[in-house]
Every structure is written in structure tokens, then in C-alpha cells.
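S.K.: Sharing a structure with you now.
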There are 2 protein chains.
Amino acid sequence: MPWLRNFVQLSAAFTKQRSPPTRKPAAIFGTRPSIAQLLQHYSAVARNNKDPGLDPTKGDEKPRVVVLGSGWAGCRLIKDIDTKTYDIVCVSPRNHMVFTPLLASTCVGTLEFRSVAEPIGRIQPAISREPGSYFFLANCTGVDFQNHQIKCQTVTEGVDTIKPWNFKIAYDKLVIASGAQALTFGIKGANEHAIFLREVHHAQEIRRKLLLNLMLSDVPGVSDEEKRRLLHCVVVGGGPTGVEFSGELSDFIKKDVSQRYSHVKDYIQVTLVEANEILSSFDDRLRTYAIKQLTKSGVRLVRGIVKDVQSEKIVLSDDTDIPYGVLVWSTGVGPSPFVNSLEVPKAPGGRIGIDEWLRIPSVQDVFAIGDCGGFLESTNKPVLPALAQVAERQGKYLAKLLNQVGKAGGGRADAAKDIDFGSPFVYNHLGSMATIGRYKALVDLRASNMLKEYRWRDLRAGLFGAQRI
Amino acid sequence: MPWLRNFVQLSAAFTKQRSPPTRKPAAIFGTRPSIAQLLQHYSAVARNNKDPGLDPTKGDEKPRVVVLGSGWAGCRLIKDIDTKTYDIVCVSPRNHMVFTPLLASTCVGTLEFRSVAEPIGRIQPAISREPGSYFFLANCTGVDFQNHQIKCQTVTEGVDTIKPWNFKIAYDKLVIASGAQALTFGIKGANEHAIFLREVHHAQEIRRKLLLNLMLSDVPGVSDEEKRRLLHCVVVGGGPTGVEFSGELSDFIKKDVSQRYSHVKDYIQVTLVEANEILSSFDDRLRTYAIKQLTKSGVRLVRGIVKDVQSEKIVLSDDTDIPYGVLVWSTGVGPSPFVNSLEVPKAPGGRIGIDEWLRIPSVQDVFAIGDCGGFLESTNKPVLPALAQVAERQGKYLAKLLNQVGKAGGGRADAAKDIDFGSPFVYNHLGSMATIGRYKALVDLRASNMLKEYRWRDLRAGLFGAQRI
């Protein structure tokens, strides 16, 4: 089935429009409606309970686990859930999972887009096979915790003939794994002009713009200044994503641009802007090594705070202008409007507050995993970092927990009150990695138990020559 | 260089918007400005001769062949041109060639998009290597035959930060290979709602819509009638493209939809609408066979004339409504607005009139090949069909002719007047092929010399079981 292998790539285009036409009620995952708008919508739909949907499960049906989102956390859970015990319904505006650590490599073609994405139907075949299991390409627009029900709206951006369609789903267990959204710190123009690097369509847009600019800069009469602007790739944010993307870009320039765009090869440049240290979570020696390697590859490192983003330049807080052709933004993530709209106790930083079993303690049968959830202060545990390895292991833990609960007869709504949930979730950090281009990568194992397995001299001060996948 | 293999796929997205924002001067390949607009624009740029560009070649430079278009004709010429004799400049809104006969197979994933596209820079490496050779992602907006010069405008659809840029190119030889455009016979709504099947982005749009509709039809509460509409694929035009696409679709339904979309597999249907006979250029027996096979595959054949296209249905001349979810239009091609705007004698059907050496006889050093050119009535030769095999062989012939002229010292503008052009172009039809799904194809060799090489019993009444590529 070759079509299936590419299915994901294609469907990524569903959400390609960066500014989908505003509709009321607005989709929550992708756009940013105000809380007031959301509440207004929610009370409107609460009054009108006639939307079609999936009714509460009956005695002869399997209990239903509804999963919001299709990222690391949601997909791991979907993969591991026992489909003999539960029917599974996934609601997400994206019908595939993205292998985010390799996304930067797709922007310049080191990897193909479809290599970093996997369709939900392949992660859990029961979704297309079982009569009670579904994937819905939709956003969740509200949760009625009391009645064990969510409201959804189909995602139809870019297809004019199809109107958004509202429906409801009753759940026995609800897992919120809807992720976070890119932070722009309210900087004017960032949402409008910068490209994030979180979805396949972002990578596609970066590649498209990069190649278009390479071609346009070759047109007769374009001034040297304009050529330099068109071919100036500016990356804001020196975390692993920003550094990896800068490294990939410099590889691309060294190898491919020199050969295929020889007319303009001397005009292309990569600049990485960071307010503090790059790779601040890594060990000092690794950071020094990364700076040396990136500089050697031709990446210009600029220490600065962006205060304004315009269509062809960014302005730093010291009023320096940096003209750009492609602007990539990668300064971390924060809570999404959907998470903000949920009326449940929050963890520090605004995430959905969870206990050590990843439950929302104030309501029944609802869990939050991945970047959207964080331990409540009452647990005395820190909010875990927004990393794939956290999300993935939470998904794995929760699938196992739900499977146990289901087998113990607690699968239905409100049926798990007296069931022992077993050991709480414990996170063990395995270490951090970041590629920096030129077949080199950093590996930081300080906080990891893996460290014991390596001798220091093998680590060569923490640096491996990583083979590109 | 894996990035390069995918370069084409990406860049196809440059022209993805079906209705690019109207600009003045309008791009001619993609949009449809009126002749008045064009002339007005042209006279405006003629007065203002300050646009930057490539000046006429000088004695120490190679003569310059400018090729408009990157289809079968243009790319074959670009491939075969002697880059030691000429510099080559290609101007096209598309940076790759599309292997059109296999485009239908990409809509359902039988083939990957990039498998049917080849970047210009790979067809002719001199374009990225030689200092005087270029590819410009642009539309030609006017030709000044007297001064051996064309006007161009960059293609920047979808990239807001880049303004269209005007430039001019002086040519020694000009080859117009800009192709034709899909015919809609002035039927209301066809351009707006139907998807053509001529470019990679068309195939991408079909695939996207098909998969989106498959997902949307699975949403709770969608009525049976709406499910049937969403999953009704209507193909207008029973030529080889329409038949091949219908066959591919029925394969997709039989194999992939049954397996991956089992919830909605009973709602999907393909209808092929044709005003006359399907595959009218093929032999009667082949046609009968095709009808039998398509019907067996579940394709509904409807004889009818479309009079109106609306967003969710087409209306036939007998007032029958046919609701659709995906509408594909393939009813042949006709002259583009650019060809219409050229003030040269035309061939029957409105194509650029050419002589037997593929020259435009009224002007110096200008040739037209492929679907945009046709023999003048004065040649007493019929206008050749708009087929890849015609275009490709015209490109091959003209490259050889130009190489000879160049070597004989006639490469410069106005330098070939006294040079013998040798044998005229003669077209020998090799036969026609069309796949009809289920690994079956038609091969019609009636008009071909190849027929002699096969015995009738081998042909099995003209039918081969074709292996899918």
C-alpha cells in the first residue's frame, strides 16, 4: 500500500494554512480564540444538546477511551492500549504522529517528510478495523467533566465546500494529550512572519521558502543587498531545535547550495539569535564545543533579545536590524488556549494539574499526559520538561494503568473509584542529545543512569560523532 | 543529495494556489488576464525600458537560447541542447518537468509525487553550473520580436514578503514551449470547483481532498446522503486521463479503502461523465473492452453534457444533478492566454502558427514546439495532437537543428538567415496507450509502424496486461 506510506505527508497539508479563516466557534488546537469566546461557545453548545455523536457505551460494548491529540504521549498510549478491553477514539487535528527530533532534518531534505511521520491508523490498526474505534480529524472544543462528554468540531481548513461539523463523544476514560504551543512572548509580528518548527507543514514551509528564495535571488537585477536578505536564514532560539536546524542549514549550504545554486552561493548565511546561552540545559563543555563547531560551519551566533518582527527584518532590543529571507522561531512552548480554557486546577506554568497517577484529581476518569499536563504543587514534584521522552513514557505508563483498571472491571465511567492504581509515575531522565551538523552531535548524560555504563574516556568529554539516521 | 530528489515536489507547491491573487501586470501562464490588459501592460513596459535583465550577448559570450516552459517539449530541448555552443535560459513558473502520463497514479498513492517529476537542474546540469545559463521561476509577460527580447515577471504566489519582480531577457534564439491550458468550454463554476489533472499540485489536491473526505465521512452524525456525496468521485471527460484516473480510483477503493476505511467503504463510488464515447481516439474493440473492465471495477459510466458546476454538485444538460465530493475535470486542452496574446499568425485552433521547421515564419529566430504550436494552414499539414510524444520529438528535433545552426555560425540573433535548416520535422505516430486499473491497459497501434513488429495473436485483440511501473 504505497499510498498509505505517504498518506501522512499529504494530510499534513490539511493544517497548512498558517492563519486559518476565523470561524465561530473557533478551533482550539490551531487558532487562538479568547477565553470569553470559548466560554460563550461552550455555554451555547451546552444549551443545545442536539449535536450528533457517540453515546455513552452500553453493557454489551467495550468501555471507550477517548484520547485528545496525536503526539508522543497520545500515540504511545494509543499504541499500547489493550483493544480487547477498550474501544479507542482519537480526536486530533492531525492524522499522524510527528517524530519531532528529526523534523529539522526534513527542512533541507536530509530526511523526507514522510520519514518523520506515522499515520495513526498504522500505530493502532484497531482504529480502522474495530467497529467502535475511530480517528476523528477534529478539534475538541469543550469538555463536560460532569457528564463524561466532549464536544468536537471537524477540521476542514482549506476545503471550502465542507462546513465545520459539531459532534459530541461520551467517554469512559478521557486522556488529554493535546500538547503545548510555541511561545512568542507577545512579540509583535512573530506569529505572523516567523515559521515554527513543530509540525510537518512547518518544515514544508521552510523548505519551500528556502528554495523559492534561492531561485528568486538568481533573478537579473536583484541587488546584492536584496540577495543577502533573501538568503539570510535567521533562527531565533538557541535550544536543541534551533541549534539542530542551524546545523542542518549550514550542511545544506556547504554541500547542496555550492553545487546546485552556484550563482548565488556566496550570498547565503545562517544567523542564530539567542537571548541567553545556547543549549543552556547542556553541560558547559558541550556548549563550548557546540559553539566552536557551529562557528566553524559558518553559523553566526548573535546574543540578543528580539523586540519586533517585521516582514523582512527583525529588530533587537538594542535597535539592531537583522534583515531575513527565512525566519524560524523556536523559543520553547507554553499552554495552549484549549488548556487555558479548561476549568481545572493548574500546575505551575499553567499546565493541567495532575497527580502522581497522571489523573486530574478534581474530576473522575480524566488524565493529562505530555506537554499539556504538569504535577500539581500538592504532589511536591516538579513540573517535568516538555520533552518527547517524558511524554512517551507517560503514554506508556498510562496505557498500562488503564489496561489494568479495565481488566479489574473499572473500565466504565465512574467505575474505577475503588480500584488500586498501583505505583505512581516516576520519571527517570535518560540524558539529552542534539545534532549540530557535519555528522556531529552532543550527548549529555549527566542526569542519567546510563552514565554508569560508559567510561569517561569513551565519552570523549561527552562528544560522539553521531551517524546521521 | 536526498534534498534534491524532493526539491521538485516541494516547489510544485509554489503554484499550489488555484486562484493566485490578481496583480497587474498579471502573470500569463497561470491566470487569465484579458487581451486588453495584456496589451496595456505591454505598451506600458515598452515605454519604460528600465527593467533589469540579461543584455544581448556579446562576441566573447556564447549565443543565448531562451526556452519558455518546462514541459515535454521544452525539457527535451533543454536536455539535448549543446551547452558548449549555447548558453541556455529557461523561464517557467514550474522548476521541474512532470511525467504527465503517470500523474493519475499519484492521486491515490500508487506512485509518489516526486517519482513523476524531475528538476530542470537535473535535466540540464549546465543551468546551475554555467555562468551564463539560468533557470528563472517566472512567467513571460510579453515578447518583443523586433528587438529579440522578452519581458518576465517572477512567480511568488503564496509568499507575501516577496513582491513580483520584472526583468527582461535578450535572446538569440527563442523557443516557445509554454504549453496549453485545460478547456472548460465556458461552463460556469468549472474553473472554480473542479480540479484539473495537469500538474503535481493538482494531484496533491485530489489526494488531499479524497483523504479528507474519507475522514470527514466517518464523523458521527453525518447523514448517509452526505456520506455518499463526500465519497462520490466524479470525473468529467472520458479521454485517456479521465479513464486512467477512474481506473486508479477504483483500484484504490477496492484495495485500500476496504482495508483502511472499513467504516465507510460501502459509500464510495466513482462516476465517469462523458458527452460522447469514452476513449474516442481508440479502436472500437479496445473501447468496448475498456467499458467492460471499468464497469466490472465499479466505475459508473454516465453519458451526459455538463451545463453547470456548483460547489457540491454538477448539473447535466438534462437537469440531472450529480452530487460530488471530489470533481476532476479532464476534457482536453486549448490555447493559453499567453498564446492568444502573441500577435503572430495562428494555426487552426488558435495555436502559434509554425512552418515545417517549427519556426514562426513572420519573425526571426523564434520557434514554437509542443501543445502551444501548430502547423500553419499554408504548410498543408494537420495540427498535431496535444500529446507528449509530439512535444518530446519536436524538442529533440529542434535541439538538433539549433545545435547544427550554432555550429554553422548561425547561433546569434539574425545570423541564421542564410543557413540551410535541413530536413523538416516529420511526425510518426507510435500508437496510444491507456491504463484502466486492475493492472490492465489498452494499447492501440493502428497508426503505428510498430504494428508490423507484432503478430496479431500476440496482441490479443490489442490488449496487454500491463505491469504497473
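Values quoted throughout were computed directly from the atomic coordinates according to the rules given, and no laboratory measurement underlies them. Keep in mind the model is a prediction, meaning the values are calculated, not measured. Neighbour counts run over all protein chains shown; Cβ positions are idealised from the backbone, glycine included.
S.K.: Can you return the aspartates and glutamates within cross-link range of A:Lys173? Criterion is Cα-Cα under 12 Å, with same-chain partners fewer than 8 residues away left out.
M.R.: Excluding near neighbours in sequence, the set is A:Asp87, A:Asp365, A:Asp414.
S.K.: Rounded if a/c is under 1.5, else prolate if a/b beats b/c, else oblate: with a ≥ b ≥ c from the C-alpha gyration tensor eigenvalues square-rooted, which is segment A:348-408?
M.R.: oblate
S.K.: In nm to one decimal, list the spacings between the A:Thr288 label point and its equivalents in the other copies, with label points set 7 Å along Cα to Cβ, shortest first.
M.R.: Its label point is 8.7 nm from the equivalent points in the other copies.
S.K.: Right, something else. What is the local net charge at B:Ala180, summed over the other residues whose Cβ is closer than 12 Å to its Cβ (Lys, Arg +1; Asp, Glu -1)? Provide the component values of the computation, followed by the final result.
M.R.: On the way: positive: B:Arg198, B:Arg351; negative: B:Asp371.
Combined, the nearby Lys, Arg, Asp and Glu give +1.
S.K.: Extending each Cα 7 Å along its Cβ direction at B:Ser423 and B:Ser281, get the distance between those two points in nm, one decimal.
M.R.: Result: 2.4 nm between the two label points.
S.K.: Still on this model: Which distance in Å, rounded to a whole number, links the C-alpha centroids of segment A:126-156 and segment B:366-433?
M.R.: Using only Cα atoms, the two centres lie 61 Å from each other.
S.K.: Give me the lysines in straight-line cross-link reach of B:Lys209: C-alpha distance below 22 Å, same-chain residues under 8 apart excluded.
M.R.: A:Lys16, A:Lys163, B:Lys16, B:Lys188, B:Lys227, B:Lys254, B:Lys255, B:Lys265, B:Lys313
S.K.: Can you give the average number of partner chain beta-carbon atoms within 10 Å of each beta-carbon in peptide A:127-138, as a whole number?
M.R.: Values: counts 2, 6, 4, 2, 2, 0, 1, 5, 3, 5, 7, 3.
Average per residue, whole number: 3.
S.K.: Oh, and also: Counting only other chains, what is the mean number of Cβ atoms within 10 angstrom of the Cβ of each residue in peptide A:217-228? Spell out each step's value before the answer.
M.R.: Values: counts 0, 5, 12, 13, 9, 4, 1, 0, 0, 2, 0, 0.
If you average over the peptide's residues, the count of other-chain Cβ atoms is 4.
S.K.: Sort A:436-442, B:216-222 by the packing proxy (mean of other Cβ within 10 Å over each peptide's residues), most packed first.
M.R.: A:436-442, B:216-222
S.K.: Return the loop-located GluC sites (Glu not before Pro) in segment A:229-309 (DSSP other than H, G, I, E, B) with at most 13 other Cβ atoms within 10 Å of their own Cβ; answer none if there are none.
M.R.: A:Glu277
S.K.: Here's a follow-up. Taking K and R as +1 and D and E as -1, what net charge do the other residues with C-beta under 9 Å from the C-beta of A:Ala399 add up to?
M.R.: +2
S.K.: Shifting gears a bit: List the residues whose amide H sits under 5 Å from the amide H of B:His148, counting only those 5 or more places along or on another chain, with H placed 1.01 Å from N in the peptide plane.
M.R.: none
S.K.: Now for a different question. Please list, or write none, the aspartates and glutamates whose alpha carbon is within less than 14 Å of the alpha carbon of B:Lys84, excluding same-chain residues fewer than 8 places away.
M.R.: Straight-line reach from B:Lys84, under 14 Å: B:Asp60, B:Glu61, B:Glu130.
S.K.: Fewest first, what order do A:Ser250, B:Ser311 take by the number of other Cβ atoms within 10 Å? Before the final figure, lay out each step's value.
M.R.: Working: A:Ser250 25, B:Ser311 12.
Placing the least packed residue first, the sequence is B:Ser311, A:Ser250.
S.K.: Report the relative contact order of segment B:145-298, percent, no decimals, based on alpha-carbon pairs under 8 angstrom and at least 6 residues apart.
M.R.: After rounding, I find 17 percent.
S.K.: Which order do peptides B:257-265, B:361-369 fall in by mean Cβ count within 10 Å, highest first?
M.R.: On the way: B:257-265: 17.6, B:361-369: 21.7.
Ranked from most to least packed, the peptides come out as B:361-369, B:257-265.
S.K.: While we're on this one: Counting other C-beta atoms within 10 Å, and keeping those with at most 16, which DSSP coil GluC sites (Glu not before Pro) do you find in segment A:138-204? Walk me through the intermediate numbers first.
M.R.: Details: sites: A:Glu157, A:Glu192, A:Glu199; in loops: A:Glu157, A:Glu199.
Answer in residue order: no site qualifies.
S.K.: Further, regarding this structure: Nm distances between the label at B:Pro323 and the same-position labels in the remaining copies, 7 Å along Cα→Cβ, shortest first?
M.R.: Here the equivalent label points are 5.5 nm apart from this one.
S.K.: Based on the alpha-carbon gyration tensor of segment B:200-280 and its eigenvalue square roots a ≥ b ≥ c, which shape applies: rounded if a/c is under 1.5, prolate if not and a/b is larger than b/c, or oblate?
M.R.: Judged from the Cα gyration tensor, segment B:200-280 comes out prolate (a/c at least 1.5, a/b above b/c).
S.K.: Let me ask something additional. Near A:Pro345, within a Cβ-to-Cβ distance under 13 Å, what is the net charge of the other residues, with Lys and Arg +1 and Asp and Glu -1?
M.R.: Value of the local net charge: 0.
S.K.: Per-residue mean of other chain beta-carbon atoms within 10 angstrom of the beta-carbon, peptide B:206-216?
M.R.: That average works out to 6.
S.K.: When a/c is below 1.5 the answer is rounded, else prolate if a/b is larger than b/c, else oblate, so apply that to segment B:98-220 with a ≥ b ≥ c taken from the square roots of the Cα gyration tensor eigenvalues. Each step should come with its number before you reach the end.
M.R.: On the way: a/c = 2.25, a/b = 1.77, b/c = 1.27.
Judged from the Cα gyration tensor, segment B:98-220 comes out prolate (a/c at least 1.5, a/b above b/c).
S.K.: Shortest first and in nm with one decimal, please list how far the B:Lys307 label point sits from its counterparts in the other copies (point 7 Å along Cα→Cβ).
M.R.: Those separations, rounded to one decimal, come out as 6.7 nm.
S.K.: Further question on the same structure: For B:Gln259 and B:Asp318, FRET efficiency with R0 = 30 Å and r from the beta-carbon atoms, rounded to 0.05?
M.R.: 0.20
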